[in-house]
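Notes follow the structure.
The values are calculated or read from the model by the stated rules, or taken from the named source; none is laboratory data. Because the structure is a prediction, the values reported are computed rather than measured. Reconstructed Cβ throughout: ideal geometry from the backbone, glycine too, with neighbour counts over all protein chains shown. Ligands, DNA and RNA are stripped out before the accessible areas are found, and what is left, the full protein with its side chains, is counted by its heavy atoms. Shrake-Rupley method; radii C 1.70, N 1.55, O 1.52, S 1.80 Å.
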Amino acid sequence: MAEKAVNGFADDSSSDKSLKKHATGDGATVNGIEKVRNGSPDSFCDIRPSMPLFGMDIGGTLTKLVYFEPANFDEFDLEEKETLQTIHRYLIGNVAYGKSGIRDVHLEMENQTICGRTGKIHFIRFPTSQMLSFIELAKSKNFSGLASGICATGGGAYMFEEIFAKEVLLQLHKYDEMDCLLKGIHYIDRYNPFSECYFFRNPRDTELCKKMPFDFRNPYPYLVVNIGSGVSILAVRSKTDYSRVSGTSLGGGTFLGLCCLLTGCETFEEAIELASQGDSKNIDKLVRDIYGGDYSKFGLAGETVACSFGHMMSKEKRDTSSREDLARATLVTLTNNIGSIARMCAKTEKIERVVFVGNFLRVNEISMKLLAYAMDFWSNGSLKALFLEHEVRNYNLCFLCTVIVLRKRVTASILFSVLV
Ligand SMILES: Nc1ncnc2c1ncn2[C@@H]1O[C@H](COP(=O)(O)OP(=O)(O)OP(=O)(O)O)[C@@H](O)[C@H]1O
Ligand SMILES: CC(C)(CO)[C@@H](O)C(=O)NCCC(=O)O
């Protein structure tokens, strides 16, 4: 592969259909639901791994990478120190890497202690579609001769395991994404107890609706709705007891895919921008479009969506609909569907706190407010929709609990070449 393509993440060849998926199986299955106790990543903190530390979550759409920058470089030997300083200069000197790598500066976490060391956590993301470029690069740099292995979470840790082993001669140490997600949520909240978790006060009133901090220090039981490419719903009853109670394939990836199809947009940011200027009422049929007003007998207000995309069966309505309206209706449809499934899960599990996470909510206040509204309205105020600053903006957080322990200089070389 050309160096340029590798370095710039320019080659979009990672949709390689020949990659084989592996079955997971970290937990026992009870009534078709995976029951998982005792996630394993904590064991990392029993050791004092060599620096630098990275963690990676390879999702269906985005790969999230964290880099832990130790505060004091002086305690390392000369070679390690040199590597750390080079990484530091490069990473901190840039916020964008190649065409698609981004460092989210506003998410940085200072004064963190990981595995006995104090430092800062940096957050970087890039599309998983560029992963084969990363692998090509690792191969071309003879990574296997120098690295001890990579720890990773997410479907990609399984998806790319074989190709990493075969092509790069490198083992991926896999950790379950849901275990890590929950550990990540609590890690983050512990370090930002008064500013990480929030809710919307007065969610039914657009004028008075206001973001407020939520004290999440005594959180159990709660539901997690992880909106990534698809959606996983977890019922969490204690630190070590949770189950995946439901999920839906209609998630953030569906929103982006449909929006690209319907509007010709090409990025998530563009899709959200379009949606923010559109009106879904031009696309969806409301109860009032069918009843002429409310359907009072069952408490359905005229403003309620009766049929998502229902107006699109009319040629006239199709001809007058705009890209903005279509983007908005796609966003509202997906969000309401997720909200509705979450509400049913909360009812079945008898849980009142619902934490919505995942990158679908990144730069997407429309969906957050809609979810807050829907939870409050349809439960008569008994359900509370909660959100997290880091989670919402960027990461599954899995990687906070995983680390990539690489041998010194190689890490720098890989990271640099990929991100340059
Ligand atoms: N820059 C972006 N590029 C692509 N999608 C984005 C971007 N920012 C936010 N998103 C949204 O976030 C979703 C991916 O979220 P997330 O990173 O949490 O999931 P994932 O780990 O890729 O998927 P999964 O967990 O299902 O494997 C996308 O499907 C899209 O809706
Ligand atoms: C497959 C995963 C777990 C990958 O993160 C996620 O995309 C998901 O939960 N999808 C929904 C699958 C379902 O229908 O339950």
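For Gly381, state whether it is at pLDDT below 95 and loosely packed, with under 15 Cβ neighbours inside 10 Å. Talk me through it step by step, then tell me what you get.
Values: at pLDDT below 95: yes; loosely packed, with under 15 Cβ neighbours inside 10 Å: yes.
Against the criterion (at pLDDT below 95 and loosely packed, with under 15 Cβ neighbours inside 10 Å), Gly381 qualifies.
Could you tell me how many of the residues in segment 188-209 are modelled with pLDDT of 80 or more, surrounded by 17 or more Cβ atoms within 10 Å (Cβ to Cβ) and more than 16 Å from Tyr220 (Cβ to Cβ)?
5
Is it true that Arg328 is within 16 Å of ligand 1 (Cβ to nearest atom) and basic (Lys, Arg)?
Details: within 16 Å of ligand 1 (Cβ to nearest atom): yes; basic (Lys, Arg): yes.
Yes: the conditions hold for Arg328.
Can you tell me which residues in segment 283-304 are open to solvent by 50 Å² or more (accessible area, probe 1.4 Å) and in contact (Cβ under 8 Å) with a residue 24 or more places away in the chain?
If the condition is that a residue be open to solvent by 50 Å² or more (accessible area, probe 1.4 Å) and in contact (Cβ under 8 Å) with a residue 24 or more places away in the chain, then Lys285 is the only one that fits.
I'd like the residue in segment 258-285 that is hydroxyl-bearing (Ser, Thr, Tyr) and more than 8 Å from ligand 1 (Cβ to nearest atom) and, out of all such residues, is nearest to Ser322 (Cα to Cα). First the steps, then the outcome.
Within segment 258-285, the first condition is being hydroxyl-bearing (Ser, Thr, Tyr), and the residues that meet it are 263, 267, 276, 280.
From what's left, more than 8 Å from ligand 1 (Cβ to nearest atom): 263, 276, 280.
Details: Thr263: 8, Ser276: 13, Ser280: 10 Å.
Per the stated criteria, the residue is Thr263.
Is one or more of the residues making up segment 402-411 within 30 Å of Leu262 (Cα to Cα), at pLDDT below 95 and within 16 Å of ligand 2 (Cβ to nearest atom)? Break it down into steps so the answer makes sense when it comes.
Step one: of segment 402-411, the residues within 30 Å of Leu262 (Cα to Cα) are none.
No, because not a single residue in segment 402-411 is within 30 Å of Leu262 (Cα to Cα), at pLDDT below 95 and within 16 Å of ligand 2 (Cβ to nearest atom).
Examine segment 371-388 for a residue that is of a type in the set (D, E, K, R), in contact with a helix residue (DSSP H, G or I) (Cβ under 9 Å, 6 or more places away or on another chain) and assigned to a helix (DSSP H, G or I), and state whether such a residue exists. Break it down into steps so the answer makes sense when it comes.
First, pick out the residues of segment 371-388 that are of a type in the set (D, E, K, R): 376, 384.
From the residues that got through so far, the ones that are in contact with a helix residue (DSSP H, G or I) (Cβ under 9 Å, 6 or more places away or on another chain) too are 384.
Retained after the next criterion (residues that are assigned to a helix (DSSP H, G or I)): none.
Looking through segment 371-388, none of the residues is of a type in the set (D, E, K, R), in contact with a helix residue (DSSP H, G or I) (Cβ under 9 Å, 6 or more places away or on another chain) and assigned to a helix (DSSP H, G or I).
Within segment 311-359, count every residue that is farther than 17 Å from Lys369 by Cβ and assigned to a loop (DSSP other than H, G, I, E, B).
At the first step, the residues of segment 311-359 found to be farther than 17 Å from Lys369 by Cβ are 311-326, 341, 344-353, 359.
Next cut, assigned to a loop (DSSP other than H, G, I, E, B) only: 314, 321-322, 350-352.
Qualifying residue count for the region: 6.
If Thr29 passes every condition in (1) away from ligand 2 (no atom under 16 Å from the Cβ); (2) modelled with pLDDT under 50; (3) within 26 Å of Cys180 (Cα to Cα) but one, which one does it miss?
(1)
Note down all Cβ pairs under 6 Å where the first residue falls in segment 221-235 and is touching a residue at least 24 places away in the same chain (Cβ under 8 Å), the second is in a loop (DSSP other than H, G, I, E, B) and of a type in the set (Val, Ile, Thr), and they're at least six residues apart or on different chains.
Pro221/Ile351; Leu223/Ile351; Ser229/Thr61
Do you know which residues across segment 186-220 are among the charged types (D, E, K, R) and free of Cβ contacts under 8 Å to residues at least 60 places away in the same chain?
Within segment 186-220, the first condition is being among the charged types (D, E, K, R), and the residues that meet it are 189-190, 196, 201, 204-205, 207, 210-211, 215, 217.
Correct list: Arg190, Arg201, Asp205, Glu207, Lys210, Lys211, Asp215, Arg217.
Please pick out the residue among Ser322, Ser308 that is modelled with pLDDT of 95 or more, of a type in the set (Gly, Ala, Ser), under 15 Å from Ala275 (Cβ atoms) and open to solvent by 40 Å² or more (accessible area, probe 1.4 Å). Before you say what the answer is, go through the steps one by one.
Values: Ser322 fails: open to solvent by 40 Å² or more (accessible area, probe 1.4 Å).
None of the other options fit; the residue is Ser308.
Before we move on, is Asp215 under 24 Å from Ala372 (Cα atoms), modelled with pLDDT of 90 or more and either open to solvent by less than 30 Å² (accessible area, probe 1.4 Å) or of a type outside the set (A, V, I, L, M, F, W, C) (or both)? Quick ask: steps written out before the conclusion?
Working: under 24 Å from Ala372 (Cα atoms): yes; modelled with pLDDT of 90 or more: yes; either open to solvent by less than 30 Å² (accessible area, probe 1.4 Å) or of a type outside the set (A, V, I, L, M, F, W, C) (or both): yes.
Considered against the rule, which asks whether it is under 24 Å from Ala372 (Cα atoms), modelled with pLDDT of 90 or more and either open to solvent by less than 30 Å² (accessible area, probe 1.4 Å) or of a type outside the set (A, V, I, L, M, F, W, C) (or both), Asp215 comes out as yes.
Would you tally the residues in segment 155-176 being within 16 Å of ligand 1 (Cβ to nearest atom), part of a helix (DSSP H, G or I) and open to solvent by 60 Å² or more (accessible area, probe 1.4 Å)?
Within segment 155-176, the subset within 16 Å of ligand 1 (Cβ to nearest atom) is 155-161, 172, 174-176.
Still in the list and also part of a helix (DSSP H, G or I): 155-159, 161.
Now restrict to residues that are open to solvent by 60 Å² or more (accessible area, probe 1.4 Å): none.
Total meeting the criteria: 0.
Filtering segment 221-239 down to residues that are within 11 Å of ligand 1 (Cβ to nearest atom) and buried (at least 23 other Cβ atoms within 10 Å of the Cβ), which residue is farthest from Glu365 (Cα to Cα)?
Taking segment 221-239 first, the residues within 11 Å of ligand 1 (Cβ to nearest atom) are 226-232.
Add one more test, that the residue is buried (at least 23 other Cβ atoms within 10 Å of the Cβ), and what stays is 226-228, 231.
Working: Asn226: 16, Ile227: 14, Gly228: 16, Val231: 18 Å.
If we take residues in segment 221-239 being within 11 Å of ligand 1 (Cβ to nearest atom) and buried (at least 23 other Cβ atoms within 10 Å of the Cβ), then Val231 is farthest from Glu365 (Cα to Cα).
Can you give me the number of residues within segment 258-274 that are in contact with an Asp or Glu (Cβ under 7 Å, 6 or more places away or on another chain) and in contact (Cβ under 8 Å) with a residue 12 or more places away in the chain? Talk me through it step by step, then tell me what you get.
We begin by selecting, within segment 258-274, every residue in contact with an Asp or Glu (Cβ under 7 Å, 6 or more places away or on another chain); these are 260, 274.
This time we only want the ones that are in contact (Cβ under 8 Å) with a residue 12 or more places away in the chain, so: 274.
So the count comes out to 1.
How about segment 244-266: which of its residues are polar (S, T, N, Q) and within 13 Å of ligand 2 (Cβ to nearest atom)?
Initially, segment 244-266 is screened for residues polar (S, T, N, Q), giving 246, 248-249, 254, 263.
Passing the criteria: Ser246, Thr248, Ser249, Thr254.
Just checking, which of Arg89, Arg117, Arg103 is open to solvent by less than 40 Å² (accessible area, probe 1.4 Å), away from ligand 1 (no atom under 16 Å from the Cβ) and basic (Lys, Arg)? Give the steps one after another, and end with the answer.
On the way: Arg89 fails: open to solvent by less than 40 Å² (accessible area, probe 1.4 Å); Arg103 fails: away from ligand 1 (no atom under 16 Å from the Cβ).
That would be Arg117, the only listed residue that is open to solvent by less than 40 Å² (accessible area, probe 1.4 Å), away from ligand 1 (no atom under 16 Å from the Cβ) and basic (Lys, Arg).
What's the total number of residues in segment 144-173 that are modelled with pLDDT of 85 or more and within 16 Å of ligand 2 (Cβ to nearest atom)? Steps first, answer last, please.
As a first pass, look at segment 144-173 and keep what is modelled with pLDDT of 85 or more: 153-163, 165-167.
Among the residues that remain, those that are also within 16 Å of ligand 2 (Cβ to nearest atom) are: 153-161.
The qualifying residues number 9.
Where residues in segment 240-252 are over 18 Å from Ala385 (Cβ atoms) and modelled with pLDDT of 95 or more, which of them is surrounded by the most Cβ atoms within 10 Å (Cβ to Cβ)? Quick ask: steps written out before the conclusion?
To start, the set of residues in segment 240-252 that are over 18 Å from Ala385 (Cβ atoms) comprises 240-244, 247, 249-250.
Subsequent filtering for residues that are modelled with pLDDT of 95 or more retains 241-244, 247, 249-250.
Numbers: Asp241: 14, Tyr242: 26, Ser243: 20, Arg244: 17, Gly247: 16, Ser249: 9, Leu250: 16.
Here the answer is Tyr242.
Can you list residue pairs whose Cβ atoms sit under 7 Å apart, with the first residue in segment 240-257 being more than 9 Å from ligand 1 (Cβ to nearest atom) and the second being part of a loop (DSSP other than H, G, I, E, B)? Count only pairs 6 or more apart in sequence or on different chains.
As it stands, the answer is Thr240/Arg37; Thr240/Asn38; Asp241/Arg37; Gly247/Gly230; Thr248/Gly230; Ser249/Gly230, since those pairs meet every condition given.
Of the conditions (1) touching a helix residue (DSSP H, G or I) at 6+ places or on another chain (Cβ under 6 Å); (2) closer than 23 Å to His122 by Cα, Asn192 satisfies every one except a single condition; which number is it?
(1)
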